């Protein structure tokens, strides 16, 4: 497939969240995060920031993120702060963002 420079300002990535449960294991859940694209100059700056600050700058939306009544959670600054205050969610967001930028070739 040929490389194309995109004009679309955002991209989506699946976020995987593993939340500890009372059975000595983890509950697995996913949602899709929407991130702003970045330049190579900005990447150098982002690498120096705490991951919460990276998410504040780059996360611009989500899909499939629901509350405990299974209702969609609206994207806004308050809900963003709530989400990134959960260590497991911040970890999942961080992996999704950075892995999307530098996707390693997977073995078949």
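The values are calculated or read from the model by the stated rules, or taken from the named source; none is laboratory data. Since we're looking at a predicted model, the values are computed, not measured. Glycine also receives a Cβ, built like all others from the backbone with ideal geometry; neighbour counts cover every protein chain displayed.
Between a first residue in segment 26-45 that is over 17 Å from residue 13 (Cα atoms) and a second residue that is loosely packed, with under 12 Cβ neighbours inside 10 Å, which pairs have beta carbons less than 6 Å apart while being 6 or more apart in sequence or on different chains?
That search, which allows pairs on different chains as well, returns 26/20; 27/21.
Yes or no, residue by residue, for (1) within 20 Å of residue 14 (Cβ to Cβ); (2) surrounded by fewer than 12 Cβ atoms within 10 Å (Cβ to Cβ); (3) touching a residue at least 40 places away in the same chain (Cβ under 8 Å); (4) touching a strand residue (DSSP E or B) at 6+ places or on another chain (Cβ under 6 Å):
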residue	(1), (2), (3), (4)
48	no, yes, no, no
60	yes, no, yes, yes
70	yes, yes, no, no
76	no, yes, no, no
79	yes, no, no, no
87	yes, yes, no, no
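What helices (runs of 4 or more DSSP H) completely inside segment 9-108 contain at least 3 residues that are modelled with pLDDT of 95 or more and under 14 Å from the mean Cα position of the chain (by Cα)?
51-58, 77-84, 87-101
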